[in-house]
Amino acid sequence: MKPRVALVTHDFGGGGGTATMTRFLHRVLSESGRFEPQIISLAVSASDSNSVLLRSPRTWIRGVRRAESFRGGIPYLQVGAMFSEFEYQRYRPRFLLTEMLNDYDLVQFVVGTPPLMCVAARVKKPKFLWTATMVRPDRASRNEQARKLRRLWAAVMTPLAERYERSGLQIASEVFALSNYTLDAVRKVLGPDAGILAPCGVDTEVFQPAPGAGKGQYILCVGRLDDPRKNTALLVEAYARLRRKFPDSPELWLVGPQPPPQTLHLINEHGLSQFVRLLGAQKTAELPKLYQSALFFVLSSDEEGLGLVILEAMACGLPVVSTACGGPETAVEHERTGLLVPTNDAEALSAAMGRLLSSPSLCASMGKAGRTAALDRFSIAATGRVFIEKYEEVIHAGNNGNA
């Protein structure tokens, strides 16, 4: 009988980076033929339909529920929390979930930040944590741009979440970190030898250069553009400077949810409406074509755990210009697969884009090197091996202990 692995995440039905990582792990485990994975998605909303809500007395009698659902053809279980209006309640163990997780052979948490791991405090099976980043950097940009009341609330909740973060890291049998940046943060809590580097994999057969591709048509940025951490205003400012120096610069294409009002204001203020295209969110199947027809990829974030979009761009043979904001340094080798610039520096970002515009040969060499790096380091097989080997080590040790 195959070992059963619970892949525990949050908001799997809503998408995002953790959902992508969860799908990746589900695929790796299923295709290995050695494990039987099951996705479990936990409450992250104050109005979660499976939670007990303080403002809804009828849910008090019903209790925390679980429900079955599907996303992208993958079945998953949704499990609520007690009084999910309060953030810290979502991190607390609940009997229903503990009983569920104790029925699996291994439990793998796939989370944006570690506090949610605390729901497994009473789980007796081996439990692993994969995390993209840590609480404080994850919330920094959003808190800075929030209204005063929200900032005051964050000033209370962030330290509380950090206490859960430390506990979550400490109860994990092993911690997988998305990037070297994340791994360094984990080791500041757990010690210099803790943690394993475990980036998300990219399907290099789907994301690949177009055969016989010619010169790219536009500069491309893909991501959750409505997230303040992406700092799309910086990108627009840098692009405006680029056009002043290179009036014939290609268009800038932005793929993702509509950027914040500040970004839209800057587009109009700089007279860029005819040069910046807002394509909105695109289906995953459409992304390879967008990468394949671009000249290069650019990311202007204040903080990233890694940036799956960087890996997708590299797999498609694109050079990458990115802020050195933590995670990208794990993927982008400066001067070889792309260019790294300081955060929040429009002039440096503009200069890096201008350098690629001015040198087709540099674009070509960086794109080729990026494709090689994606195949060697970030393919599904290469990144999935880290998890498979660790799981088998634990299963083998458990079997010997029971012998």
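The table below gives the values:
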{"item": "Electrostatic dipole magnitude of the chain [Cβ: Lys, Arg +1; Asp, Glu -1; Cα centre; debye, to 20]", "result": "940"}
{"item": "Förster radius 35 Å - calculated FRET efficiency between residue 381 and residue 279, Cβ distance, rounded to 0.05", "result": "0.65"}
{"item": "Cα long-axis angle, helix 180-190 against the chain (0 to 90 degrees, to the nearest 10)", "result": "30"}
{"item": "Nearest-0.05 FRET efficiency for residue 286 and residue 70, computed from C-beta distance (R0 35 Å)", "result": "0.95"}
{"item": "Cα-based helix-to-principal-axis angle, 17-32 vs the chain, degrees rounded to 10", "result": "70"}
{"item": "Burial order of peptide ranges 245-251, 73-79, 319-325 (average beta-carbon count within 10 Å, highest first)", "result": "319-325, 73-79, 245-251"}
{"item": "Under 23 Å from the Cα of residue 2 - lysines, other chains or at least 8 residues apart", "result": "124, 125, 127, 390"}
{"item": "Phi to ³J(HN,Hα) by Karplus 6.51 cos²θ - 1.76 cosθ + 1.60 over the range 340-355, Hz, x for Gly, Pro", "result": "10, 10, x, 5, 6, 10, 4, 5, 5, 5, 4, 5, 5, 5, x, 4"}
{"item": "Calculated from backbone phi, Karplus (6.51, -1.76, 1.60) coupling profile of the range 253-270 in Hz, x at Gly/Pro", "result": "9, 10, 10, x, x, 4, x, x, x, 4, 5, 5, 4, 5, 4, 6, 4, 8"}
{"item": "Gaussian network model of the chain, Cα within-10 Å springs - most flexible of 70, 12, 83", "result": "70"}
{"item": "Value at 222 nm in deg cm²/dmol, rounded to 500, when DSSP H runs of n ≥ 4 in the chain each add -39,500 (n - 2.57)", "result": "-13000 deg cm²/dmol"}
{"item": "Gain upon complete extension [residue 361, residue 347; 0.36 nm per residue less C-alpha separation]", "result": "2.8 nm"}
{"item": "Choice from 17, 280, 33 showing the highest fluctuation, given a GNM over the chain with Cα pairs closer than 10 Å", "result": "33"}
{"item": "The range 26-98 versus the range 315-384: alpha-carbon centroid distance in Å", "result": "37"}
{"item": "Ranked by how many other beta carbons lie within 10 Å on average, peptides 224-233, 57-66 from highest", "result": "224-233, 57-66"}
{"item": "Kirkwood-based Rg to Rh ratio, the range 282-403, C-alpha trace", "result": "1.13"}
{"item": "Computed FRET value (nearest 0.05) for residue 95 with residue 203, which takes r as the C-beta separation and R₀ as 45 Å", "result": "0.70"}
{"item": "Helix 380-402 axis, angle to the chain major axis (alpha carbon atoms, nearest 10°)", "result": "20"}
{"item": "Computed label-point distance, nm, for sites residue 4 and residue 32 using a 7 Å Cα→Cβ extension", "result": "1.8"}
{"item": "Residue-normalised accessible area of the chain, given per residue in Å² at a 1.4 Å probe", "result": "45"}
{"item": "Dipole of the chain [Lys/Arg +1, Asp/Glu -1 at C-beta], most positive-end residue of 327, 134, 201", "result": "134"}
{"item": "Zone of residue 210's modelled label, taken as backbone nitrogen in the range 282-317 under 18 Å from a point 7 Å along Cα→Cβ", "result": "282-298, 312-317"}
{"item": "Virtual spin-label span in nm between residue 61 and residue 246, 7 Å along Cα→Cβ", "result": "6.8"}
{"item": "Label-point gap, in nm, between residue 196 and residue 272 - each point 7 angstrom along Cα→Cβ", "result": "4.2"}
{"item": "Burial order of peptide ranges 367-380, 184-197 (average beta-carbon count within 10 Å, highest first)", "result": "367-380, 184-197"}
{"item": "Coordinate range along principal axes, alpha carbons of the range 1-56, Å, largest first", "result": "45, 25, 9"}
{"item": "Charge dipole (the chain, unit charges on Cβ, about Cα centre) - positive-most of 290, 352, 120", "result": "120"}
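The values are calculated or read from the model by the stated rules, or taken from the named source; none is laboratory data. Just so it is clear, the model here is predicted, and its values are computed rather than measured. Cβ coordinates were reconstructed from backbone atoms using ideal geometry, including for glycine residues, and neighbour counts include every protein chain displayed. The area values use the complete protein model at the heavy-atom level, side chains included, leaving out ligands, DNA and RNA. Shrake-Rupley method; radii C 1.70, N 1.55, O 1.52, S 1.80 Å.
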